[in-house]
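First up is the structure itself, then whatever we jot down about it.
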Amino acid sequence: MDIQVKELKMKMERGDDFVLIDVREPYEHEEFNIGGRLIPLGELPLVMESLPEDQEMEIVVYCRSGNRSGMAKYLMEQAGYKKVRNLLGGMLAWQETL
């Protein structure tokens with residue numbers, strides 16, 4: 001189940017326990033980010049083993065528009081992660097909404 005901007009913002013404000021991953025390129029992350037760990041989509045398969053071993057842990061992935069993070073979600077689910085959520089609309093929606 002994917003996640004909307006407002007729900008993610010509330011989770012962050014409450015201090016919920018989850019992993020936040022930015023799958024954009026470094027220059028995009030430098031321009032604007034919401035504090036996620038930067039793992040560009042192309043590198044994700046190479047560093048997947050450094051992600052939480054607990055595949056039940058909630059992970060939220062985001063990119064500019066939601067397309068790359070949708071692919072990241074798919075890759076992570078194929079690797080066995082159970083609770084991967086894509087930020088719908090990505091940073092574009094974040095900036096429009098908040």
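Can you name every residue in the range 1-22 that is closer than 16 Å to E58 by Cβ and of a type in the set (A, V, I, L, M)?
Once the filter is applied, which keeps residues that are closer than 16 Å to E58 by Cβ and of a type in the set (A, V, I, L, M), the range 1-22 yields M1, I3, L8, M10, M12, V19, L20, I21.
Considering only the range 57-90, how many residues are over 10 Å from the mean Cα position of the chain (by Cα) and among the hydroxyl-bearing types (S, T, Y)?
3
Are there any helices (runs of 4 or more DSSP H) wholly within the range 4-51 with 2 or more residues that are of a type in the set (D, E, K, R), within 18 Å of L98 (Cα to Cα) and modelled with pLDDT of 95 or more, and if so which? Quick ask: steps written out before the conclusion?
Values: elements: 5-14, 26-31, 44-47.
Because the criterion is at least 2 residues that are of a type in the set (D, E, K, R), within 18 Å of L98 (Cα to Cα) and modelled with pLDDT of 95 or more, the helices (runs of 4 or more DSSP H) in the range 4-51 that meet it are 5-14.
So if I check each of L38, L51, which one is surrounded by 12 or more Cβ atoms within 10 Å (Cβ to Cβ) and touching a Pro at 6+ places or on another chain (Cβ under 8 Å)?
One residue alone meets the criteria, L38.
With respect to S65, determine if the residue is part of a loop (DSSP other than H, G, I, E, B), of a type in the set (G, A, S) and at pLDDT 95 or above.
In short, yes.
Has the range 38-56 got at least one residue that is within 12 Å of the chain's Cα centre (by Cα) and of a type in the set (S, T, N, Q)?
The answer is no, given that none of the residues of the range 38-56 is within 12 Å of the chain's Cα centre (by Cα) and of a type in the set (S, T, N, Q).
The values are calculated or read from the model by the stated rules, or taken from the named source; none is laboratory data. Just so it is clear, the structure is predicted and the values come from calculations on it, not from any experiment. In this analysis, Cβ positions are derived from the backbone assuming ideal geometry, glycine residues included, and neighbour counts consider all displayed protein chains.
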